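Here is the structure we will look at, set down as structure tokens.
The values are calculated or read from the model by the stated rules, or taken from the named source; none is laboratory data. Keep in mind that what you see is a predicted model, and the values were worked out from it rather than measured. Because the Cβ atoms are built from the backbone with ideal geometry, glycine has one as well, and the counts that use them run over all protein chains shown.
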Amino acid sequence: MIAAVSSRTLQGYGCIVAAATCWSLIGAVGRLPMSAGVSPLETAFWRTAFGCLCFMLHALRDGGWRMPWRDALCLTGFGVWGVGAFFGLTQYAVALSGGAMTVVLLYTAPVWVALFSFMFFHEKPDRRTLLAMGVALLGTTLLCSSGGSLAGEPSPLGIICGLATGLCYATHYPFCRWWQRRYSTVVIYAYMFLGGTLALAVFAPIGLEHRATDWGAFLVLGVVCCYAGYYCYGQSLLRIPLVRAAAVGYLEPLLSTLWLALFWHEAFTPLGWGGSALVIGAVLTITLRRR
């Protein structure tokens, strides 16, 4: 029994490491089509569409995609926000402020969770959590004032989009964990990605005349960064506690910064590096403190 539990736990950690690795490619790969003139929204659309196709085919193969229309509507509706808005804001933040800055702002999600827990559920944070939230706020301020990981002046819109991605991401943890009581990870994301694809199809300028390298980037974003990443993430939540999965997921900003530095020469100023370290350290503290 002990060996079985240990093996299951090890699989869970392996899944979340794989998910973080897949997600870490989003900034570096997403910049490729945008550097050729593809709009951030269209990049987000193709990323979502290919991911949706993979999840739909997987769900059809398993035969477990049927559900009451209310549940389908709820999952699809959340996908408009949790996938469509999330992915669209992410690509805009990457274009305006750089991929490295975007992924750090994305990981302010636990701060949003702590704030909403206090506002809506009256969960008073302890002193350590309050201190960590203050440090995260200071780090975010330093990071945003540094100009991000792209050369030039700070982009207010890019900063807003980056912070909004953290808000979107914060809603994924409780939503997906609750629905996993009733449906498989693949079915949940099939409907969520369907909602995101439909939402982006309304707003994104979609074209088919793209370079082969752009289509390759879209496929990597959809199949690897979305399908493989979210599937591994969902499998990790079935094997290890939510807080541990979130904590190990902080491997993503480190890897993402590495890929962007190697392939796109993105780099923070010393002020930006200091702010990034404060943000990551503070939100990791908040994550580990929450039960």
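Of the conditions (1) more than 24 Å from Leu73 (Cα to Cα); (2) modelled with pLDDT under 95; (3) assigned to a helix (DSSP H, G or I), Ala151 fails just one. Which one is it? For Ala151, the failing item is (3). Looking for something of a type in the set (A, V, I, L, M), in a helix (DSSP H, G or I), farther than 29 Å from Ile280 by Cβ and free of Cβ contacts under 8 Å to residues at least 24 places away in the same chain - is there at least one such residue anywhere in region 187-194? Checked region 187-194: no residue is of a type in the set (A, V, I, L, M), in a helix (DSSP H, G or I), farther than 29 Å from Ile280 by Cβ and free of Cβ contacts under 8 Å to residues at least 24 places away in the same chain. Against the conditions (1) in contact with a Phe, Trp or Tyr (Cβ under 7 Å, 6 or more places away or on another chain); (2) not in a helix (DSSP H, G or I); (3) not acidic (Asp, Glu), Ala246 satisfies every one except (2).
Mind listing whichever residues of region 112-129 are at negative phi, more than 23 Å from the chain's Cα centre (by Cα) and modelled with pLDDT under 75? Correct list: Phe120, Phe121, Glu123. Quick check: anything in region 161-171 closer than 20 Å to Ile26 by Cα, in contact with a Gly (Cβ under 9 Å, 6 or more places away or on another chain) and of a type in the set (Gly, Ala, Ser)? So far as region 161-171 goes, yes, one or more of its residues are closer than 20 Å to Ile26 by Cα, in contact with a Gly (Cβ under 9 Å, 6 or more places away or on another chain) and of a type in the set (Gly, Ala, Ser). From the list Gly88, Gly166, Gly77, the lone residue that is part of a helix (DSSP H, G or I) and either exposed (fewer than 15 other Cβ atoms within 10 Å of the Cβ) or free of Cβ contacts under 8 Å to residues at least 40 places away in the same chain (or both) is Gly77.
Just one of the numbered conditions (1) under 17 Å from Ile206 (Cβ atoms); (2) within 20 Å of the chain's Cα centre (by Cα); (3) buried (at least 21 other Cβ atoms within 10 Å of the Cβ); (4) of a type outside the set (D, E, K, R) is not true of Val38: (2).
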